[in-house]
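Here the structure comes first, spelled out in structure tokens, and everything after it is commentary.
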Amino acid sequence: MKSAVKSIFTILLLCTGIYSQITFTANTERTTVAIGEQAVIIVSLVADKNLGTIQPPPIESNESFAVINAVRRGPSSSSYIEIINGVTKQRSEVQYQFIYTISPKKAGSFQFPSLSVSIDGTEYTTKAIPFNATTEVVKNSDVKIQLRFGKSSLYTGEQTTLEFRVCQRAQAQVDVRNGFGGALEKIEKSFGKDFALHRLFTNQVAQSQERIDGEIYNIYTLKFIAFALNSGSFSIPSVPFEYQELRRAQRRRVDPFMDDFFGGDFFGGGVQATPRTALSNQLSITVKQLPPPPAGYNGSVGKFTLSASVEPREVPAGEAATIKITLRGNTKASSVGEITLPKIDNCEVFTPEKQTSTDTTANGFSTRKTFKYMIIPQEKGTLTIPPVTLSYFDPESGTYKTESTAPLSLTVTEGKGSVKKVTRYMSQEEIRQIGQDIRFIKTGVTIKHQSDAPYRNAVFYLLLPLPFVIFILSLLYKFQASQRQRNSSRFTKQKALSTALKQLNLIKKQQKELPQSAFLGKTGQILENYISDKFDFPATGRTLEELKDELLQRNIDEKVVSEMTQFIQYLDSFRFGGLTFNESSRLSTVEKAAVFLESLERGIKKEKQK
């Protein structure tokens, strides 16, 4: 009987150990949302083991709300010690998060449906979340997205400006840095094949400040020039912009490694980034077809000016003069048509030399085309050059216009002797090509004062072993160079901490003179240089996730990587999160950074000893 009871008890214990504890829940911060706002639902799946890759449960938009995006985060693991009735147990948790962003379409009540996931043949389901959508206008949100078009009505081929503006409320705890890449792709996709988009200036985002609804906003602007390619009415949908909301989160620490440094006062529990999505306004654009063109129209749309000159104003018959025609227009180079020089009697005209330059202004592209014609008059007298004309479409007036130059006059004097047919002058490129084809003929050289055979000289035997000596010395030099390079890498790793501390002392002395962005940037750069020297790989230019992955791949302890990540996020909360930063914070940051580096060095040494 006792053995049977023991067997049953043993089986129950084994079943308890094998059984996986899994929880699947859905939560949201608020259930009352205005039309135009976004609500974030965080679905958490917590298990006591790694379940592999799990995709977010699918959910589609319906008549009540639109699903903006669904993001998967994790898995992330944690461990803790549990003491029950004097028995100490260490437990582990693996957490998956699925973050859904929705936006209500109409006022009224609706439900975010329950989600299900199947694990090892068992179905887990969340509870539905009720929402109430109101018609209140959302004001003074942390992030606003604006899409501005220069004109709502334009003609085919006309250019206009397009601005994508990200408005971040000053001091708002958000990070908008990483959303512009995805927004660029969505903007280009939204305008499709009906518009040609060109970035203005550089790829840098323009920054400014503006008061919106009584509050100061930081404005980040991407500027484009748009050319209408097809006629019709077009509706540009809202462009989503992804950003992160930064919040302070309290966390439990089970490992004492550097706990004094990262505890309460310095980091305040850490910064948690929650993904958010903001939508821009929609655009309605009407593109009108050009009216029937007149004869001689070559496709130019915009405003154009035309000028002409001839140099010199007086030439002998049979010699060359140059007609210079300059065409300027407010459009891109490919949209500026060609011009044709009218026929000139008793004159030989050669193919023109063309030069094109395009400038970028706040209003769009400006193009200048220059045509240089070389002409050779054949007879004495006054040569009249007819006007040069250009037919173009003016979008402002909606009509075709013609731009003309004034007639030019060239005085031709009597040439020397009879006028001969003159061949065209060669261009500079042709002259360079001919110069490359010339090969000079060199005659033989007579050698004077030729000496006797060198091997009969005693110096020959002294210099004979010199090549072998040089060869051996070169081998020794290469060997020493490789040794120096090996030792240099080891020396750099050993001096990484002292170098970083010297740089921290330097910016501590200069902290009053440095602006906030430069001070935080140099502090972050010191950390990146330390990581590059200590772990022997370039850390500068990498994202935080790439840096973490690289260190973990090099078998760096996960605790060390976690503390380093926490410090970088702390710096970024000041640099990009809008937190205040005074003189005492600067001194504290430098001192804590020094303590952090020293603690990190000790942690690395402990890992090596293990």
Report task. Using DSSP, restrict attention to beta bridges with both residues in the stretch 304-431 and report what percent are antiparallel, rounded to the nearest 5. Result -> 95 percent
Requested in this report: Enumerate the aspartates and glutamates that Lys193 could reach by cross-link, defined here as Cα to Cα under 17 Å, with residues fewer than 8 away along the same chain left out.
Outcome: Glu158, Glu185
Requested in this report: Would you mind checking the pairs Lys324/Lys416; Lys559/Lys605; Lys151/Lys354; Lys522/Lys592; Lys144/Lys288; Lys369/Lys416 and listing those with alpha carbons more than 24 angstrom apart?
Outcome: Lys324/Lys416; Lys151/Lys354; Lys144/Lys288; Lys369/Lys416
Query raised in the report: Sorted from fewest to most neighbouring beta carbons within 10 Å, what does the list Arg148, Arg586 look like?
Result: Arg148, Arg586
Requested in this report: Within 10 Å of each residue's Cβ, count the other Cβ atoms and sort Leu506, Leu222 from fewest upward.
Outcome: Leu506, Leu222
Query raised in the report: Rounded to a whole number of µm²/s, how large is the Stokes-Einstein D of the stretch 489-609 at 37 °C and 0.692 mPa s, given Rh as the Kirkwood radius over C-alpha pairs?
Result: 221 µm²/s
Requested in this report: May I ask which of Lys186/Lys332; Lys105/Lys548; Lys502/Lys606 have a Cα-Cα span longer than 31 Å here?
Outcome: Lys105/Lys548
Query raised in the report: Which order, highest average first, do 107-120, 467-480 follow once you tally other Cβ atoms within 10 Å for each residue and take the mean per peptide?
Result: 107-120, 467-480
Requested in this report: Return the aspartates and glutamates within reach of Lys508: Cα separation strictly under 20 angstrom, same-chain partners fewer than 8 residues apart disregarded; answer none if there are no such residues.
Outcome: Glu528, Asp572, Glu583, Glu591, Glu598
Query - Residues Leu501 and Gln209, FRET efficiency given R0 of 56 Å [Cβ-Cβ distance, rounded to 0.05] - result: 0.90
Query raised in the report: Per the Kirkwood definition applied to all pairs of different Cα atoms, how many angstroms is the hydrodynamic radius of the stretch 114-186?
Result: 17.6 Å
Query raised in the report: With θ set to phi - 60° and the Karplus curve 6.51 cos²θ - 1.76 cosθ + 1.60, what are the ³J(HN,Hα) couplings of the stretch 294-301 in order, to the nearest whole Hz, using x for Gly and Pro?
Result: x, 5, x, 6, 10, x, 7, 10
Report summary line: Within the under-14-Å Cβ sphere about Tyr96, not counting Tyr96, Lys/Arg +1 and Asp/Glu -1 give a net charge of +1
Report task. Determine one quarter of the surface area of the Cα convex hull of the stretch 307-424, which equals its mean projected area, and express it in nm² to one decimal. Result -> 8.1 nm²
Query - For Ala47, net neighbour charge (Lys/Arg +1, Asp/Glu -1) across residues whose Cβ lies under 11 Å away - result: -2
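Every read-out reported here was derived from the displayed coordinates using simple, explicitly stated rules and does not represent laboratory data. All values derive from a computational prediction rather than experimental measurement. Glycine also receives a Cβ, built like all others from the backbone with ideal geometry; neighbour counts cover every protein chain displayed.
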